[in-house]
């Protein structure tokens, strides 16, 4: 290391000599170096400014696009709200038409074991008057008064046939003896009244007929060796039938 000291000192000596002997050349080189660095920095600053301008332009474009999207979303939201209003109006109109076409209290024969929307099965269930106000207004307590204050009965038509109301025509000869089905229900010749099954009185005979007179279906009339016939083929008298669910509109 010691042998390098003279060389280092020599280099410093020559530098000092150069500075003092040729100051203009040294300054010129320094100025040129600084100028070059300044030019480089200016180029870099220009590039940065160009990039900032590009980013600013992109930001403005994106801002415009966002504003356009927001305007489009607001327009679509307005259209959706308008369509929702139309749908609600149409739903109300449909409900009004349905109510007008099928009055509350209408009984239908339905071909499934679950009633359709807007109907309940005619199974005699007591319903709350406050929950089914329209149905209660339509049928009242004709089919039963429920608990007498807060409920009412709907008809129980399970396993039964319907019969048109005689309404004083005499076509139901036993109308005056019609019963109530549930407590508080209608009786007599009124809608909602109930009638038990019955078989009309008949009398006829089997055996040889009297050839000397007309045959009449009367007891003791014109028969020879006749016997009263009793027929039994089931547990009830009924026509051919198919089972359906009766449901009432509420």
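The values are calculated or read from the model by the stated rules, or taken from the named source; none is laboratory data. None of the values given here were measured: they were computed from a predicted structure. Backbone-built Cβ (ideal geometry, glycine too); neighbour counts: all protein chains shown.
Under the condition of being on the phi < 0 side of the Ramachandran plot and in contact (Cβ under 8 Å) with a residue 24 or more places away in the chain, which residue from segment 66-108 is surrounded by the fewest Cβ atoms within 10 Å (Cβ to Cβ)?
103
(1) part of a helix (DSSP H, G or I); (2) surrounded by fewer than 10 Cβ atoms within 10 Å (Cβ to Cβ); (3) at pLDDT 85 or above: which one isn't true of residue 113, the others all being true?
If we test residue 113 against (1) part of a helix (DSSP H, G or I); (2) surrounded by fewer than 10 Cβ atoms within 10 Å (Cβ to Cβ); (3) at pLDDT 85 or above, just (1) comes out false.
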